[in-house]
Amino acid sequence: MGRSKVVVTDHVFASLEIEHALLDPVADIVALQATTDVELLEVVGDADALLVCYAPVTRRVVERLTRCRLIARYGIGVDNVDTAAAAARHIPVTNVPDYCIDEVSDHALALLFACARKVSILDRRVRSGRWEARDAAPMHRLQGRVLGLVGFGKIPRRLTPKARAIGLDVIAFDPYVPREEMRAAHVEKVDLETLLARADYVSVHAPLVPDTRGLIGEPALRAMKPTAYLINTSRGPIVSHDALVKALREAWIAGAALDVIEHEPPRDIETLRGLETLVLTPHVAFYSEESVRELQRKAVENVVRALSNEPLRYVVREAPAPR
């Protein structure tokens, strides 16, 4: 038999040293930096496996595959892969659901602190030549404030004890997690409407699926307290960009801190730059040197398993999304 072909559709890594170390003995690697499915169509047809970061693996890409044994996503979410089309072709899709749990939960907490202590606003004002402590007003202590988690998977479960350690009370909305399971983690289970009404900080941790796209839109933002902050380290399209811009301009809420946005990179940076109560980071919550190496290794190890006809880890199965 000839050597296998593995296509890296795109990546954000400093190198593919890990990929070459694990795959060179058995496969040839074709590395792309595709941003559209058109860029993939002429390359992936005879691929034995795909390693995917952000490139759109659409239905027509999947239908072009003639011998693919695996589509392996570098990451947790698989919203850029047409999993239904892959299932119809009996091509397994895998992710890496247990990497960057500490990094993302830490980043969500960092964004919460940035909101609570108005770090970005005050930093900008000092750099502009203004030195005035009263610019921080109003500011409230965190002890006794309420953190509302939208979703209760691995990352919010890791965030919970960190938040409780600084005095926050934690509530969560996730219809697929039993109340007893949340109670064991010292979290109160509530519906989304209750969470939006009670939370001082709403932190989004849901997957991006049809039912969660635009979940935090105008009705949800209007239901939040005018003193509350929105934090999103999950997927950008869960929060309606236009509704959030309106909410911040009209002060429906006190502010927002986002690591992900609906369109990345932003198409209207001037609009975002004018929103003083908005904190932005560039989809970096997943990152540490350690988490990136873990991500690459675990994704590639699944490709090796697929090429060797060994059982796969982290096979994605279709599941309902939080409503």
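Read the figures in this text as sums done on the coordinates, not as results from a lab. Note that the structure is predicted; figures quoted are calculated from it, not measured. A quick note on method: Cβ atoms are made from the backbone with ideal geometry, for glycine too, and the neighbour counts reach across all protein chains shown.
Give the cross-link partners of K225 among the aspartates and glutamates, using a straight C-alpha distance below 18 Å as the criterion and excluding same-chain residues fewer than 8 apart.
Within the straight-line limit of under 18 Å, K225 reaches these aspartates and glutamates: D169, D191, E193, D200, E250.
Which Cα, out of P210, I269, A110, lies furthest along the positive dipole direction of the stretch 101-280 (beta carbon charges, K/R +1, D/E -1)?
Of P210, I269, A110, it is A110.
Charges on Cβ only, +1 for Lys and Arg, -1 for Asp and Glu, centred on the Cα centroid of the chain; of S120, V61, L258, which one is farthest towards the dipole's positive end?
After comparing all options, I get S120.
Over the stretch 65-139, what is the mean sequence separation of C-alpha contacts under 8 Å (at least six apart), divided by residue count, expressed as relative contact order in percent?
Rounded, it is 25 percent for the stretch 65-139.
If you take the alpha carbon radius of gyration of the chain and divide it by 2.2 N^0.38 Å, what ratio comes out, to two decimals?
Cα-based Rg divided by the globular estimate yields 1.08.
Taking amide H positions as placed in the peptide plane 1.01 Å from N, state which residues far from V8 in sequence (5 or more) or on other chains have amide H under 5 Å from it.
HN-HN under 5 Å from V8: V30, A31, L32, L51.
Treating the beta-carbon of each Lys and Arg as +1 and of each Asp and Glu as -1, no other charges, what is the dipole magnitude of the chain about its Cα centre, to the nearest 20 debye?
My answer is approximately 860 debye.
Given the Cα-Cα distance of R267 and R164 and 0.36 nm per residue of separation, how much length would full extension add, in nm?
Values: separation 103, 0.36 × 103 = 37.08 nm, distance 3.67 nm.
Using 0.36 nm per residue and subtracting the Cα-Cα distance, I get 33.4 nm.
Could you check which residue among A251, A220, A21 shows the biggest mean-square fluctuation in a GNM of the chain with a 10 Å Cα cutoff?
Checking each option, the largest mean-square fluctuation is seen for A21.
Per-residue HN-Hα couplings for the stretch 125-131, Karplus 6.51 cos²θ - 1.76 cosθ + 1.60 at θ = phi - 60°, whole Hz, x for Gly and Pro?
So the J values, rounded to whole Hz, are 5, 5, 5, 7, x, 9, 10.
Set the Förster distance to 25 Å, then compute FRET efficiency between R124 and S288 from the Cβ-Cβ distance, nearest 0.05.
Details: r = 27 Å, r/R0 = 1.06.
Approximately 0.40, to the nearest 0.05.
Once you keep just the Cα pairs under 8 angstrom separated by 6 or more residues, what percentage relative contact order results for the stretch 101-280?
20 percent.
Run the numbers on the chain and let me know its relative contact order in percent, using alpha-carbon pairs under 8 Å that are six or more apart.
So the answer I get is 17 percent.
Pick out which of I166, I71, I155 has the largest mean-square fluctuation in a Gaussian network model of the chain, springs linking Cα atoms closer than 10 Å.
Its mean-square fluctuation being the largest, the pick is I166.
Output needed for the stretch 101-280: three equivalent-ellipsoid semi-axes, defined as square roots of 5 times the C-alpha gyration tensor eigenvalues, in descending order, whole Å.
Sorted largest first and rounded, they come to 26, 19, 14 Å.
May I ask which residue of L159, H11, H186 lies farthest towards the positive end of the charge dipole of the chain, with charges of +1 (Lys, Arg) and -1 (Asp, Glu) on Cβ and the Cα centre as origin?
The Cα lying farthest towards the positive end belongs to H186.
Of P92, P175, P25, which is the most mobile in a GNM of the chain whose springs link Cα atoms less than 10 angstrom apart?
In the Gaussian network model the winner is P25.
Distance between Cα centroids, the stretch 33-112 to the stretch 144-196: provide it in whole Å.
So the two Cα centres are separated by 29 Å.
So in the chain, what percent of DSSP beta bridges are antiparallel if you round to the nearest 5?
5
Can you list residues from other chains, or at least 5 along the same chain, whose modelled amide H is less than 5 Å from the amide H of V316?
Residues meeting the amide H criterion: V93, T94, N95.
Would you kindly state how much longer the chain becomes between A133 and T36 on full extension, computed as 0.36 nm times their sequence separation minus their alpha carbon distance, in nm to one decimal?
30.1 nm
Could you pull out the pairs from K189/K298; K118/K189; K118/K162; K162/K189; K189/K246 whose alpha carbons sit more than 27 Å apart here?
K189/K298; K118/K189; K189/K246
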